[in-house]
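The values are calculated or read from the model by the stated rules, or taken from the named source; none is laboratory data. Given the structure is predicted, the values throughout are model-derived calculations rather than measurements. Every residue, glycine as well, gets a Cβ built from its backbone with ideal geometry; the counts of neighbours run over all protein chains shown. Please note that ligands, DNA and RNA were not included when accessible areas were found on the heavy atoms of the full protein model with its side chains. Shrake-Rupley method; radii C 1.70, N 1.55, O 1.52, S 1.80 Å.
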Amino acid sequence: MIEEKKPAFSRSWDPACLGKSRVSRPSRLFVLYSFTMEDGKIMERTLSIVKPDGVARGLVGEVIKRFETNEMKIVALKMIHMTKAQAQGFYEVHEERPFFGSLIDFMTSGPAVAMVLEGDHVIAKNRELMGETDCRKAAEGTIRRDFATDIEKNVVHGSDSPETAEFEISYFFNKFEIVA
């Protein structure tokens with residue numbers, strides 16, 4: 001009889017990991033987040049979230065359309081509804097900021113769509129496509145300029161660096177959920 005082995009890791013909201021520093025959190029499973037192609041392109045992966053306001057307003061399709069028309073490939077996607085503890089763990093980097101409480105309340109107010117994007121310099125491309133956090137300062141044609149209603153309800157979240165992308169992707173997805 002062959003015994004099925006269960007993995008000794010979990011990347012999906014492990015409560016034991018909440019509240020620990022990003023630096024001390026060990027990587028539980030190797031996943032490529034950045035690599036160079038033969039043609040010299042720097043292929044990266046990044047996390048993007050359509051926040052609860054974007055989902056409630058029916059903007060998921062429009063956001064995905066903008067990603068795909070800008071050569072960003074979706075390699076993982078799921079609808080989530082974060083608990084307070086999950087949101088606090090995800091946004092722990094902002095724990096000391098005055099907006100932390102309202103950010104947690106907002107991100108737990110309804111479903112969101114998390115996805116992994118892959119492409120040439122995708123982190124910078126995604127940040128440019130999203131626009132400034134404050135929609136009033138965002139450039140014309142960006143997601144936040146076109147759809148955000150205020151600095152908090154700004155429709156999308158995106159990783160800001162390769163290190164952040166690694167943490168954020170692994171917070172919501174395990175390697176078996178990422179299909180490239």
- Checking E38 against (1) at pLDDT below 95; (2) part of a helix (DSSP H, G or I); (3) of a type outside the set (V, I, T), which single condition isn't satisfied? (2)
- In the range 143-179, what count of residues is obtained for those that are surrounded by 15 or more Cβ atoms within 10 Å (Cβ to Cβ), among the hydroxyl-bearing types (S, T, Y) and in a loop (DSSP other than H, G, I, E, B)? 1
- Message: Just checking, does the range 48-57 include any residue being of a type in the set (D, E, K, R), in contact with a strand residue (DSSP E or B) (Cβ under 6 Å, 6 or more places away or on another chain) and crowded, with 19+ Cβ neighbours inside 10 Å?
- Response: yes
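State whether one or more residues within the range 102-123 are free of Cβ contacts under 8 Å to residues at least 12 places away in the same chain, surrounded by 13 or more Cβ atoms within 10 Å (Cβ to Cβ) and closer than 17 Å to I64 by Cα. Can you show your working first?
From the range 102-123, those free of Cβ contacts under 8 Å to residues at least 12 places away in the same chain are 105; that's our starting set.
In the following step, the residues that additionally are surrounded by 13 or more Cβ atoms within 10 Å (Cβ to Cβ) were identified as none.
So far as the range 102-123 goes, no, none of its residues is free of Cβ contacts under 8 Å to residues at least 12 places away in the same chain, surrounded by 13 or more Cβ atoms within 10 Å (Cβ to Cβ) and closer than 17 Å to I64 by Cα.
Restricting the search to the range 81-108, which residues are in a loop (DSSP other than H, G, I, E, B) and over 17 Å from the mean Cα position of the chain (by Cα)? Quick ask: steps written out before the conclusion?
Let us first name the residues in the range 81-108 that are in a loop (DSSP other than H, G, I, E, B), namely 81-83, 91, 95-99, 108.
Within the range 81-108, E95, E96, R97, P98, F99 meet the criteria.
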- Message: Cβ-Cβ under 7 Å, sequence separation 6+ or interchain: first residue in the range 155-180 and without any contact (Cβ under 8 Å) to a residue 60 or more places away in the chain, partner open to solvent by 30 Å² or more (accessible area, probe 1.4 Å). Which pairs?
- Response: D160/R127
- Message: Criterion first (acidic (D, E), modelled with pLDDT of 95 or more, closer than 30 Å to D39 by Cβ and in contact with a Lys or Arg (Cβ under 9 Å, 6 or more places away or on another chain)) does E128 satisfy it?
- Response: no
- Message: Suppose the filter is under 14 Å from the mean Cα position of the chain (by Cα) and either open to solvent by 30 Å² or more (accessible area, probe 1.4 Å) or free of Cβ contacts under 8 Å to residues at least 24 places away in the same chain (or both); does K137 pass it?
- Response: no
